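Worksheet: one structure, shown below.
The values are calculated or read from the model by the stated rules, or taken from the named source; none is laboratory data. Fair warning: this is a prediction, and the values are worked out from it, not measured in the lab. Every residue, glycine as well, gets a Cβ built from its backbone with ideal geometry; the counts of neighbours run over all protein chains shown.
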Amino acid sequence: MTSAFDPNLIFLLYDQTLPGDTLTNDTTGGNNGNDTVTGNDTVTGNQIPQVSDTLGASLAGTAAADIIRGNIGDDSLYGRGGGDTIFGDDGEDLIEGETGNDYINGNQSRDSILGNEGNDTLFGGKGSDTLYGGNGQDFLSGNNDNDLLIAGSDSIGTDDNNNTLYGGAGDDCILGGNRDDLLSGDRGQDILVGGEGQDGFLISVNSGSANSAFVDVIFDYNDNNDFFFLPSDLTYSQLVIETGSVNDINGVLIRTDNVNNPTYLAFLPGFTGNLTSGDFKSLS
């Protein structure tokens, strides 16, 4: 579907898929229904058939539940209303779910993803991504590379819900919100900050390190409020909690009890509290 020979051609979409890369100076009407629009173009609109393509690198959905795909290039993708499904694909993309319970996957390259309102599911994909959940009960996963995950920020909008944050592979920075968050750095040397609320930090042998210098760092652990989650193959009796230092900073190290080949699971810089079995819970 193309209008290379007619710059004034108008399309009306009714639950269809329209590849944006085939458009040339057209006007596209979204009309009623859940539509799919792909390409490096600007597509905006609502239930009224008044959607324009300016051949830029921006796509915007409607008030309905849309499917939006960025394809090749650095795109700006906006879900608008409804529970949208948005894929950044190739390029360094800016993706905003806006209102609704959205599913967003940055896919390739370095993306900035904002869930905003609603209970959103955000995946960074490949590349060093920045994920911001915003308001709502969100799930954030950085997947590969070095990512920044933010559950919510008072400077943008108070996040009063519980969030699940997974760093994935790479060295990630994970920031919780104002409520009860679950944070997991997963593989790589990660920085975790729970923020307000009763937060749970998932630690495991698979995400640990044989070298204490490359262990995950938890900055704001509160032994009166927060706790650690342990997977089914790890118990409190298998842990050693000891004072130590990482990069000349004193704190508390958590490691396995294997004397010859310990696995370091977490470092709490400046922590002076007392960790007991009550600080550890089984994830199963």
Query raised in the report: Taking interchain pairs and intrachain pairs at least six residues apart, which have beta carbon atoms under 9 angstrom, with the first residue in the stretch 117-128 and farther than 14 Å from residue 88 by Cβ and the second of a type in the set (D, E, K, R) and surrounded by fewer than 24 Cβ atoms within 10 Å (Cβ to Cβ)?
Result: 117/98; 118/98
Query raised in the report: So residue 193 clears everything in (1) under 23 Å from the mean Cα position of the chain (by Cα); (2) closer than 17 Å to residue 274 by Cα except one condition, right? Which one?
Result: (2)
Requested in this report: Looking only at the stretch 90-98, decide whether some residue is out of contact with any Asp or Glu (no Cβ under 8 Å at 6 or more places or on another chain), assigned to a loop (DSSP other than H, G, I, E, B) and either at pLDDT below 80 or closer than 21 Å to residue 133 by Cα (or both).
Outcome: yes
Query raised in the report: Within the stretch 111-125, can you find the residues that are crowded, with 20+ Cβ neighbours inside 10 Å and more than 15 Å from residue 139 (Cβ to Cβ)?
Result: 111
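Could you list, in sequence order, all residues of the stretch 51-68 that are crowded, with 21+ Cβ neighbours inside 10 Å and modelled with pLDDT of 80 or more? Steps first, answer last, please.
Going residue by residue through the stretch 51-68, those that are crowded, with 21+ Cβ neighbours inside 10 Å are 51, 53, 59-62, 66, 68.
Of everything in the stretch 51-68, those that are crowded, with 21+ Cβ neighbours inside 10 Å and modelled with pLDDT of 80 or more turn out to be 60, 66, 68.
Could you tell me whether the stretch 268-280 includes any residue that is of a type in the set (S, T, N, Q), over 27 Å from residue 180 (Cα atoms) and without any contact (Cβ under 8 Å) to a residue 24 or more places away in the chain?
To start, the set of residues in the stretch 268-280 that are of a type in the set (S, T, N, Q) comprises 272, 274, 276-277.
Among the residues that remain, those that are also over 27 Å from residue 180 (Cα atoms) are: none.
Looking through the stretch 268-280, none of the residues is of a type in the set (S, T, N, Q), over 27 Å from residue 180 (Cα atoms) and without any contact (Cβ under 8 Å) to a residue 24 or more places away in the chain.
Against the definition (among the hydroxyl-bearing types (Ser, Thr, Tyr) and out of contact with any strand residue (DSSP E or B) (no Cβ under 7 Å at 6 or more places or on another chain)), how does residue 99 come out, yes or no?
On the way: among the hydroxyl-bearing types (Ser, Thr, Tyr): yes; out of contact with any strand residue (DSSP E or B) (no Cβ under 7 Å at 6 or more places or on another chain): yes.
It is true that residue 99 is among the hydroxyl-bearing types (Ser, Thr, Tyr) and out of contact with any strand residue (DSSP E or B) (no Cβ under 7 Å at 6 or more places or on another chain).
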**Report entry** Failed item in (1) farther than 17 Å from residue 167 by Cβ; (2) within 15 Å of the chain's Cα centre (by Cα), with residue 131 passing the rest
**Finding:** (1)
Report summary line: When the stretch 137-169 is checked residue by residue, the ones that are surrounded by 22 or more Cβ atoms within 10 Å (Cβ to Cβ), closer than 18 Å to residue 80 by Cα and at pLDDT below 80 are none
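Residues are listed down the side, and each one gets a yes or a no for (1) more than 28 Å from residue 162 (Cα to Cα); (2) among the aliphatic types (A, V, I, L, M); (3) touching a residue at least 40 places away in the same chain (Cβ under 8 Å):
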{"residue": "205", "(1), (2), (3)": "no, yes, yes"}
{"residue": "209", "(1), (2), (3)": "yes, no, yes"}
{"residue": "212", "(1), (2), (3)": "yes, no, yes"}
{"residue": "217", "(1), (2), (3)": "no, yes, yes"}
{"residue": "229", "(1), (2), (3)": "no, no, yes"}
{"residue": "233", "(1), (2), (3)": "no, no, no"}
{"residue": "236", "(1), (2), (3)": "no, no, yes"}
{"residue": "244", "(1), (2), (3)": "yes, no, no"}
{"residue": "248", "(1), (2), (3)": "yes, no, no"}
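Out of curiosity, is residue 263 touching a residue at least 24 places away in the same chain (Cβ under 8 Å) and touching a Pro at 6+ places or on another chain (Cβ under 8 Å)? Steps first, please.
Details: touching a residue at least 24 places away in the same chain (Cβ under 8 Å): yes; touching a Pro at 6+ places or on another chain (Cβ under 8 Å): no.
In short, no.
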